[in-house]
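The values are calculated or read from the model by the stated rules, or taken from the named source; none is laboratory data. None of the values given here were measured: they were computed from a predicted structure. Here the Cβ positions follow ideal geometry from the backbone for every residue, glycine too, while neighbour counts run over all protein chains shown. Just the protein is used for accessible areas: all its heavy atoms, side chains included, with ligands, DNA and RNA removed. Shrake-Rupley method; radii C 1.70, N 1.55, O 1.52, S 1.80 Å.
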Amino acid sequence: MEIMLDIETLDTLPSAVILSIAAIPFHKEENHIASQELFLSVDQRCQKNRSKSASTIQFWLDQPPPVYEKNFKGEYSLEYSLMRLTAFCEKTNPREFWSKGKFDFEILEHAYRQIGLKPAWDFWRVRDVRTILGETGIRMKKNNHDPVEDCLNQIQAVLEAHEKINRGTRW
């Protein structure tokens, strides 16, 4: 079992305010996406020591209302959200943690450290979607900034790439 993570933020720095977190388990070897998922909309008002950038705020103002609204609900504190993410990961017990690039992991790890918690993963279990896609030539659907949909798109691309590698047709 693996887990795909995706977050949305108000900056591109590791100290960014986190708006939302999604985590979805999948089975790479079995080419299967698990039915359970975790989605947390994080309250930005509780993240006073985290950063925002004007350009990222403008980016969000330019998004379609449903995408904006989903990411800006602000239902949970950052500490509660990270504790829920950890509990979800512990229950799922994945071998690998995936995301598209290091962006999500750097920001989440910074947030975990800031509130005094250990990240839900060990550094050697982290995998990058972009690497496997680059090695196999698989293209991913456009990122629409809905973290659940982005996780599902990223999982589908990883499964296609893994299947291609197993068939021995890397290019």
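Kindly establish whether LYS73 is outside any helix (DSSP H, G or I) and open to solvent by 50 Å² or more (accessible area, probe 1.4 Å). Reasoning before the result, please.
Values: outside any helix (DSSP H, G or I): yes; open to solvent by 50 Å² or more (accessible area, probe 1.4 Å): yes.
Taking the combined requirement at face value, the residue satisfies it.
Go through the range 13-39 residue by residue and tally those that are of a type in the set (S, T, N, Q), closer than 15 Å to LEU82 by Cβ and either at pLDDT below 95 or surrounded by fewer than 22 Cβ atoms within 10 Å (Cβ to Cβ) (or both).
1
So, in the range 126-166, how many residues would count as being open to solvent by 70 Å² or more (accessible area, probe 1.4 Å), out of contact with any Leu (no Cβ under 8 Å at 6 or more places or on another chain) and not in a helix (DSSP H, G or I)?
Our first condition is that a residue be open to solvent by 70 Å² or more (accessible area, probe 1.4 Å); within the range 126-166, this holds for 127, 130-131, 135, 139, 141-142, 149, 156, 160, 163, 166.
Then drop every residue that is not out of contact with any Leu (no Cβ under 8 Å at 6 or more places or on another chain), which leaves 127, 130-131, 135, 141-142, 149, 156, 160, 163, 166.
Okay, now just the ones that are also not in a helix (DSSP H, G or I), so 127, 141-142.
Matching residues across the range 126-166 total 3.
Anything in the range 1-12 that is in contact with an Asp or Glu (Cβ under 6 Å, 6 or more places away or on another chain) and surrounded by 24 or more Cβ atoms within 10 Å (Cβ to Cβ)? List them, or say none.
So in the range 1-12, the residues in contact with an Asp or Glu (Cβ under 6 Å, 6 or more places away or on another chain) come out as 2, 5-7.
Passing the criteria: LEU5, ASP6, ILE7.
Could you list, in sequence order, all residues of the range 40-59 that are surrounded by fewer than 15 Cβ atoms within 10 Å (Cβ to Cβ) and either of a type in the set (Lys, Arg) or without any contact (Cβ under 8 Å) to a residue 12 or more places away in the chain (or both)?
Pass one, the range 40-59, residues surrounded by fewer than 15 Cβ atoms within 10 Å (Cβ to Cβ): 45, 48-49, 54-55, 57-59.
ARG45, LYS48, ALA54, SER55, GLN58, PHE59 - these are the residues of the range 40-59 that are surrounded by fewer than 15 Cβ atoms within 10 Å (Cβ to Cβ) and either of a type in the set (Lys, Arg) or without any contact (Cβ under 8 Å) to a residue 12 or more places away in the chain (or both).
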